[in-house]
Amino acid sequence: MKAAVMRKNHAPLELEDVRIDDPGPGEVLLETAASGICHSDLHVIEGGLPMPPPCVLGHEPAGVVEAVGAGVTDFAPGDHVIGCLTSFCGVCKFCTQGRPYLCPTQFAGRPPGTKPRLSDASGAPLLQFANLSSFAEKMLCPERSLVKIRDDMPLDCASLIGCGVTTGLGAVLNTVHVPAGASVVIIGCGGVGLSAIQGARITGAGRIVAVDSQTWKFEVASNLGATDCVDAKDGDPVAAVQALTGGGADFVFECIGLVPTVQQAVAMTGRGGTTVLVGVVPVTEMVPISAADLTLQEKKITGSYMGSNRFRFDMPKYVDFYLDGRLRLDEMISARIALEDVNDALDHMRRGEAARQVIVFD
Ligand SMILES: NC(=O)c1ccc[n+]([C@@H]2O[C@H](COP(=O)([O-])OP(=O)(O)OC[C@H]3O[C@@H](n4cnc5c(N)ncnc54)[C@H](O)[C@@H]3O)[C@@H](O)[C@H]2O)c1
Ligand SMILES: [Zn+2]
Ligand SMILES: [Zn+2]
């Protein structure tokens, strides 16, 4: 099968013939139907998230089950599924307390010493990204990385739910439970931020302010629920948000992952408000913030990982939201591309020229 392989950091992915093993116990082989491209893939290429090459990236997939391994009971050939990087064991402290997205086994892969799921033409192993590796025609995943969805859900839109939508919607609905009427700011209108905007609209937030540095994004953001837009190129976005929200917002979601925008997010948060860090700041960087600002105004800061998901419960619900018109996914797709065009798509993302780009497979 064809796959885009990361041979080294800071270099284009290479299209190669890759071998995929048969499904082992508890594993499912999928025909990949579509894979969104998330900024976290780009972070890995640029070294901001550690994952050694050679590996196959891609973690926002939808597909169709081709075969199942021994003991798999939740899936059968022909099932339509979404893949999620927060695989869960079901028995650890985090899984049993209702926070399976924190399961420490989620990146475990096959046990050491066993045959790799993916290998190159010479037989050398290729690492699988988050048990998924969806920049490939087929995927071999643990069944606990997958959820079955309705057959009437278009698979290109479904793929977005695999990461960006679950992350953005879940940050609003699961991590901090934004109440109706609250003022909300979303910094960064990529796939994740646009999903957070939709989460804020769905939950009935009051003012929903979108901040970005690409003016063209505001048309999309407004269509998806933003009530106000702040162009970060037009002066100080903090002052603009404070003016719109009477001194600061109840909830501010940073959906980019840059040091200055994390600082802006804290500054835009109003008295008693909450800053939610969704964007991934490169692991090598630290963010100076004013502790006194937190103490004296009782602001809170929290991270939000993968939308604090219980994806077997959340994702079919988000599919229903799409099919009943509440969640708008077609509007988020700025391009449908072939796997061969993945490097161009990554360049578009680097330049902020894309909302969500989706690789579609025949
Ligand atoms: N917390 C999680 O579990 C989780 C999950 C998925 C993705 N992420 C992270 O979320 C972030 C966003 O991902 P994405 O796929 O939506 O990215 P993206 O590249 O599609 O979107 C980023 C947006 O930020 C805007 N932007 C860039 N610099 C800016 C600036 N200085 N001021 C204002 N706007 C600016 C861009 O124009 C773009 O619209 C990434 O860091 C990604 O790794 C986190
Ligand atoms: Zn992602
Ligand atoms: Zn667990």
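The values are calculated or read from the model by the stated rules, or taken from the named source; none is laboratory data. Quantities reported herein were computed from a predicted structural model and do not represent experimental measurements. Counting neighbours? That spans all protein chains shown, and the Cβs are built from the backbone with ideal geometry, glycine included. Keep in mind that these areas ignore ligands, DNA and RNA; they rest on the heavy atoms of the full protein, side chains included. Shrake-Rupley method; radii C 1.70, N 1.55, O 1.52, S 1.80 Å.
Number of residues in region 263-282 that are under 22 Å from Val165 (Cβ atoms), touching a strand residue (DSSP E or B) at 6+ places or on another chain (Cβ under 7 Å) and open to solvent by 40 Å² or more (accessible area, probe 1.4 Å) equals 1. Within region 44-52, identify whether any single residue is closer than 25 Å to Val280 by Cβ, within 16 Å of ligand 3 (Cβ to nearest atom) and not β-branched (Val, Ile, Thr), and answer yes or no. Within region 44-52 (the criterion being closer than 25 Å to Val280 by Cβ, within 16 Å of ligand 3 (Cβ to nearest atom) and not β-branched (Val, Ile, Thr)), the answer is no, since none of the residues qualifies. Test Cys103 against the criterion of being crowded, with 19+ Cβ neighbours inside 10 Å, without any contact (Cβ under 8 Å) to a residue 40 or more places away in the chain and within 16 Å of ligand 3 (Cβ to nearest atom), and give yes or no. The answer is yes for Cys103.
Pairs linking a residue in region 15-32 that is closer than 19 Å to Pro142 by Cβ to a residue that is acidic (Asp, Glu) and part of a strand (DSSP E or B), with Cβ atoms under 6 Å and 6 or more positions apart or on different chains, are Leu29/Glu66; Glu31/Glu66. Screening Tyr318 on (1) within 12 Å of ligand 1 (Cβ to nearest atom); (2) within 23 Å of Ile37 (Cβ to Cβ) shows it passes everything except condition (1). Counted as qualifying within region 130-213 are the strands (runs of 3 or more DSSP E) with 2 or more residues that are in contact (Cβ under 8 Å) with a residue 60 or more places away in the chain and more than 17 Å from the chain's Cα centre (by Cα), namely 138-142, 184-187.
Taken together, the criteria place Gly188 among residues that are in contact with a Cys (Cβ under 6 Å, 6 or more places away or on another chain) and crowded, with 19+ Cβ neighbours inside 10 Å. Looking at this structure, is Cys103 under 22 Å from Met315 (Cα atoms), within 16 Å of ligand 1 (Cβ to nearest atom) and either in contact with a Leu (Cβ under 7 Å, 6 or more places away or on another chain) or modelled with pLDDT of 95 or more (or both)? So Cys103 passes the test. Against the numbered list (1) within 15 Å of ligand 1 (Cβ to nearest atom); (2) modelled with pLDDT of 95 or more; (3) open to solvent by 10 Å² or more (accessible area, probe 1.4 Å), Arg150 comes up short only at (1). Quick one: in region 76-100, which of the residues that are within 16 Å of ligand 1 (Cβ to nearest atom) and open to solvent by 40 Å² or more (accessible area, probe 1.4 Å) is nearest to Met139 (Cα to Cα)? Checking each candidate, the answer is Phe88. For the condition among the small types (Gly, Ala, Ser) and under 23 Å from Cys38 (Cα atoms), Ala345 qualifies. State yes or no: is Val211 open to solvent by less than 10 Å² (accessible area, probe 1.4 Å) and over 21 Å from Gly36 (Cβ atoms)? The answer is yes for Val211.
Hey, could you check region 106-129 for residues that are within 16 Å of ligand 1 (Cβ to nearest atom) and assigned to a loop (DSSP other than H, G, I, E, B) and say which is least open to solvent (accessible area, probe 1.4 Å)?
If we filter region 106-129 for residues that are within 16 Å of ligand 1 (Cβ to nearest atom), which is where we start, we get 106-107, 129.
Filter once more, keeping what is assigned to a loop (DSSP other than H, G, I, E, B): 106-107.
Working: Gln106: 12, Phe107: 119 Å².
Only one residue tops the list, namely Gln106.
Can you find a residue that is within 16 Å of ligand 3 (Cβ to nearest atom) and touching a Leu at 6+ places or on another chain (Cβ under 7 Å) anywhere in region 160-172? Checking region 160-172: not a single residue is within 16 Å of ligand 3 (Cβ to nearest atom) and touching a Leu at 6+ places or on another chain (Cβ under 7 Å).
Checking Ala130, Ala136, Ala108, Ala124 one by one, the residue that is more than 30 Å from Asn174 (Cβ to Cβ) and either of a type in the set (Gly, Ala, Ser) or within 15 Å of ligand 3 (Cβ to nearest atom) (or both) is Ala124 and no other.
A single entry from Thr245, Thr275, Thr295, Thr261 fulfils the requirement of being more than 11 Å from ligand 1 (Cβ to nearest atom), of a type outside the set (D, E, K, R), out of contact with any Phe, Trp or Tyr (no Cβ under 7 Å at 6 or more places or on another chain) and touching a residue at least 60 places away in the same chain (Cβ under 8 Å): Thr245.
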